[in-house]
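Scroll down for the structure; my scribbles are underneath it.
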Amino acid sequence: MRIQQHLSLAAALFTFALLGSNLAQAESKATDPATRAATDKNLQVAVATASKAWKDAFNAGDAAAAAALYEEDAVMVVKPFGTYKGRKAIQAFWTDIISKGFDDVVYKNTVTTLLDDKSARIASDWKMNNAHGVITNELWVIQPDGRALLREDHFEIAQ
């Protein structure tokens, strides 16, 4: 009986050591500098590509294409106008702005901050033909298909 207990204890210790080793290897891969750099680069490219696509859609007067770059339940906070929840409300806001002749948006002094493996925040000054202001928080999140979409969009229009 005593031998069985020792064998069971040895098997449990071996299993624990094996699981610990696998966990350490997985953790090591996650923090490996080359893997981290590749993940960061992919996130930066996805966010920069989506941000450019948003500006291109807006400047082309395509509110639907601009709104398609928001998650379905995104939130947009526009100071001093209010809060818009969901892609439909956001599209209605951009449709109204575009119909009033606003276009040619350009970002300046842009800062992109990587938050984790799947999200990044953009802050920037912006200007367009008839307005200017500041973006305080564009939260871009990587979707299952690899595209980045806006989950939150907070900006101010200077008076």
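Straight-line reach from LYS108: which lysines have Cα under 22 Å away, leaving out those fewer than 8 places along the same chain? Those lysines meeting the cut-off are LYS41, LYS52, LYS55, LYS79, LYS127. Percent of Cα pairs in the stretch 37-159 per distance bin of 5 Å, from zero to the largest separation: 2, 12, 21, 27, 22, 10, 4, 1, 0. Relative contact order, whole percent, for the stretch 37-157 stands at 27, derived from Cα pairs under 8 Å and 6 or more residues apart.
Between ASN137 and ASP103, full extension at 0.36 nm per residue minus the direct alpha carbon distance yields a gain of 10.2 nm.
With 10 angstrom as the radius, rank SER51, SER124 by how many other C-beta atoms surround their C-beta, starting from the fewest. Walk me through the intermediate numbers first.
Working: SER51 21, SER124 18.
Least crowded to most crowded, the residues run SER124, SER51.
Under a Cβ-Cβ cut-off of 14 Å, what is the net charge of the residues other than LEU150 that fall near it, where Lys and Arg count +1 and Asp and Glu count -1? Computed value for this residue: +2. Taking the Cβ of ASN130 as the center, what net charge do the other residues with Cβ under 11 Å away carry, scoring Lys and Arg +1 and Asp and Glu -1? Once positives and negatives cancel, what remains is 0.
Taking the convex hull of the alpha carbon positions in the stretch 29-96 and averaging its projected area over all directions gives 5.8 nm².
Readers should treat all values here as calculations from the given coordinates under stated rules, not as data from a laboratory. Since the model is a prediction, treat every value here as computed from it, not as a measurement. Glycine also receives a Cβ, built like all others from the backbone with ideal geometry; neighbour counts cover every protein chain displayed.
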